[in-house]
Amino acid sequence: MEKYICEPCSYVYDPKLADPDEDIAPGTAFADIPEDWVCPVCSVGKEFFVVFEE
């Protein structure tokens, strides 16, 4: 599964870790996160995330 990076703050959403603080279970693909989810660091929406290329 692909990782996604928040362009404003550089937080990386890694599906292996997900976001358990917001009840997003490990193994959840970015596309499967609810549309109202926000970046846990800077609170922007999913539209500010792009595919992270290591």
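The values are calculated or read from the model by the stated rules, or taken from the named source; none is laboratory data. Since the structure is predicted, the reported quantities are computational estimates derived from the model, not experimental observations. Cβ coordinates were reconstructed from backbone atoms using ideal geometry, including for glycine residues, and neighbour counts include every protein chain displayed.
Suppose we filter the stretch 1-23 for residues that are of a type in the set (S, T, N, Q) and either in contact with a His (Cβ under 8 Å, 6 or more places away or on another chain) or surrounded by 12 or more Cβ atoms within 10 Å (Cβ to Cβ) (or both); how many remain?
The total comes to 0.
Can you tell me how many residues within the stretch 24-52 are loosely packed, with under 14 Cβ neighbours inside 10 Å, under 12 Å from M1 (Cα atoms) and not hydrophobic (A, V, I, L, M, F, W, C)?
3
Looking only at the stretch 1-46, count every residue that is among the polar types (S, T, N, Q) and more than 10 Å from the chain's Cα centre (by Cα) and tell me the total.
2
Is it the case that some residue within the stretch 1-21 is part of a loop (DSSP other than H, G, I, E, B), modelled with pLDDT under 95 and of a type outside the set (F, W, Y)? Don't jump to the end; show me each part of the working.
Narrowing the stretch 1-21 to residues part of a loop (DSSP other than H, G, I, E, B): 1-3, 7-11, 14-18.
Subset that is modelled with pLDDT under 95: 1.
If we keep only those that are of a type outside the set (F, W, Y) as well, we get 1.
Yes, the conditions are met somewhere in the stretch 1-21.
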